[in-house]
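The values are calculated or read from the model by the stated rules, or taken from the named source; none is laboratory data. Just so it is clear, the structure is predicted and the values come from calculations on it, not from any experiment. Positions of Cβ are generated from backbone atoms using ideal geometry, with glycine treated the same way; all protein chains shown enter the neighbour counts. Just the protein is used for accessible areas: all its heavy atoms, side chains included, with ligands, DNA and RNA removed. Shrake-Rupley method; radii C 1.70, N 1.55, O 1.52, S 1.80 Å.
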Amino acid sequence: MAATILVVDDEAAIADLVEVYLRNEGYAVRKCGTAADALTAAAASPPDLAILDVMLPDLDGFALCQRLREKYLFPIVMLTARVEDMDKITGLTLGADDYITKPFNPLELLARVRTQLRRYTLYNPGGAAGAPPEEYEINGLFIARHNHRCTLYGEEIALTPLEFSILWHLCANRGSVVSSEALFEAVWGEKYMDSNNTVMTHIARLREKLHEPSRRPRFIKTVWGVGYTIE
């Protein structure tokens with residue numbers, strides 16, 4: 001069955017362009033011009049991935065992203081004309097998995113959609129048919145890949161596919177320091193850029209979800225100038 005992509009953009013020309021490229025790749029597409037319509041569409045039938053414009057007439061894309069993250073784990077790609085780093089950080093902090101600025105190359109958007117769907121399929125139930133269950137338990141932190149479950153001292157922790165991928169990679173390399181470059185290239189599957197603060201933003205969000213004290217984290221520790229480790 002084809003993956004369903006929810007495209008939320010009040011600019012009809014942009015939404016139509018994205019739809020053409022997605023449909024040419026075999027994806028099913030649902031378009032919405034407002035945040036309210038997008039929430040209704042997601043509630044009726046959750047998509048496999050959502051592409052959200054930041055500038056919407058009723059609710060900005062950041063707020064919509066936050067609302068969606070309260071209920072759903074599917075990947076979210078932000079699409080916006082804003083280029084400021086703070087806007088990017090805001091989107092990632094609120095649960096977005098990727099961020100593309102306008103004007104954009106439709107082929108790049110397709111590549112990012114494919115990457116996010118691959119990751120979502122891999123780290124969610126049914127994504128690795130026949131694969132044996134895999135899990136880690138580290139000082140009260142439990143993470144299982146076969147059912148995308150993470151708990152901390154028995155409390156369920158809701159992670160996005162991207163957050164799960166990061167935590168899983170760190171747990172799989174427990175005791176070793178994983179550089180920001182290695183972590184980015186392993187999880188995002190793209191070349192790391194020196195100015196990229198994406199890893200730091202997602203680590204901060206993970207620590208928040210794990211109730212980590214900022215100065216003395218119990219799980220994800222920073223080795224300054226090197227990277228991150230779980231001991």
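Looking only at residues of segment 19-48 that are within 16 Å of Met78 (Cα to Cα) and among the acidic types (Asp, Glu), we find that the one that is least open to solvent (accessible area, probe 1.4 Å) is Glu19. Among residues that are open to solvent by less than 70 Å² (accessible area, probe 1.4 Å), closer than 19 Å to Ile100 by Cα and either outside any loop (DSSP other than H, G, I, E, B) or not charged (D, E, K, R) (or both), Leu73 is not included. For Ile51, the conditions (1) more than 24 Å from His148 (Cβ to Cβ); (2) crowded, with 23+ Cβ neighbours inside 10 Å; (3) modelled with pLDDT of 95 or more all hold with the exception of (1). Select from segment 54-70 the residues that are open to solvent by 30 Å² or more (accessible area, probe 1.4 Å) and touching a residue at least 40 places away in the same chain (Cβ under 8 Å) and list them in ascending order. Across segment 54-70, the qualifying residues are Met55, Pro57, Arg69.
For segment 183-190, state whether one or more residues are among the acidic types (Asp, Glu) and within 20 Å of Leu73 (Cβ to Cβ). Checked segment 183-190: no residue is among the acidic types (Asp, Glu) and within 20 Å of Leu73 (Cβ to Cβ). So, Ala2, is that one farther than 21 Å from Thr160 by Cα, open to solvent by less than 60 Å² (accessible area, probe 1.4 Å), touching a residue at least 24 places away in the same chain (Cβ under 8 Å) and touching a Ser or Thr at 6+ places or on another chain (Cβ under 6 Å) or not? Spelling it out, it is not the case that Ala2 is farther than 21 Å from Thr160 by Cα, open to solvent by less than 60 Å² (accessible area, probe 1.4 Å), touching a residue at least 24 places away in the same chain (Cβ under 8 Å) and touching a Ser or Thr at 6+ places or on another chain (Cβ under 6 Å).
Just one of (1) of a type in the set (Val, Ile, Thr); (2) open to solvent by less than 60 Å² (accessible area, probe 1.4 Å); (3) in contact (Cβ under 8 Å) with a residue 24 or more places away in the chain fails for Thr222. It is (3).
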